[in-house]
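The values are calculated or read from the model by the stated rules, or taken from the named source; none is laboratory data. Just so it is clear, the model here is predicted, and its values are computed rather than measured. All Cβ positions, glycine included, derive from the backbone under ideal geometry; neighbour counts span all protein chains shown.
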Amino acid sequence: MAEPSEIRREELMRQFNKAMFARDMPALYAVVTADFVWRVAIGPTAPGGRELRGAEQIAAYLDERARTYERLRFNDVVTYHASDCSFVSFRLSGQRREDAREVDVLGLERFAFRDDRIVLKDAYWKHIGAE
């Protein structure tokens, strides 16, 4: 099967982000494969962070993120397409809830696709401010 077009990839990523911010697992799983993997930038296994598999792990991570950070804002978001995947670069800012420390990171996410769905979201952060 051919890779989705750039327009279709952007639509899948938009729907994914909308579902993610709403913490709507049925909507998220409407655009990802059943074996979807999300590699988050923060976790116990450096440099890989940790892998999330399944709606339960993803929902728990989103709840954890909401408890850990506040006022998260994505800025300077740019999408790039390669033949077999898409990348999104961004700057993310916010605060940690426990001590109000500022969070300021540059990020890059790699999305891979299969069967007209997202099969992988691989996230990388580089801290550019004090945290």
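Structure summary
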item	result
Looking only at the range 116-131, and only at residues there that are more than 11 Å from the chain's Cα centre (by Cα) and at pLDDT 95 or above, the one that is surrounded by the most Cβ atoms within 10 Å (Cβ to Cβ)	Ile118
Some residue of the range 65-78 being under 20 Å from Lys126 (Cβ atoms), out of contact with any Leu (no Cβ under 8 Å at 6 or more places or on another chain) and of a type in the set (Phe, Trp, Tyr)	yes
Selection count, the range 33-62, where residues are touching a residue at least 24 places away in the same chain (Cβ under 8 Å), within 12 Å of Leu120 (Cα to Cα) and surrounded by 13 or more Cβ atoms within 10 Å (Cβ to Cβ)	6
Breaking point among (1) touching a residue at least 12 places away in the same chain (Cβ under 8 Å); (2) hydroxyl-bearing (Ser, Thr, Tyr); (3) out of contact with any Leu (no Cβ under 7 Å at 6 or more places or on another chain), for Tyr124	(3)
Candidate set from the range 1-32 (those that are among the basic types (Lys, Arg) and modelled with pLDDT of 95 or more); member that is surrounded by the most Cβ atoms within 10 Å (Cβ to Cβ)	Arg9
Filter result for Arg73 (charged (D, E, K, R) and either closer than 22 Å to Ile128 by Cβ or touching a Ser or Thr at 6+ places or on another chain (Cβ under 8 Å) (or both))	yes
Residues of the range 76-115 classified as more than 17 Å from Leu12 (Cα to Cα), in contact (Cβ under 8 Å) with a residue 60 or more places away in the chain and surrounded by fewer than 16 Cβ atoms within 10 Å (Cβ to Cβ), total	0
Search result, residues across the range 1-32 that are without any contact (Cβ under 8 Å) to a residue 12 or more places away in the chain and among the polar types (S, T, N, Q)	Ser5, Asn17
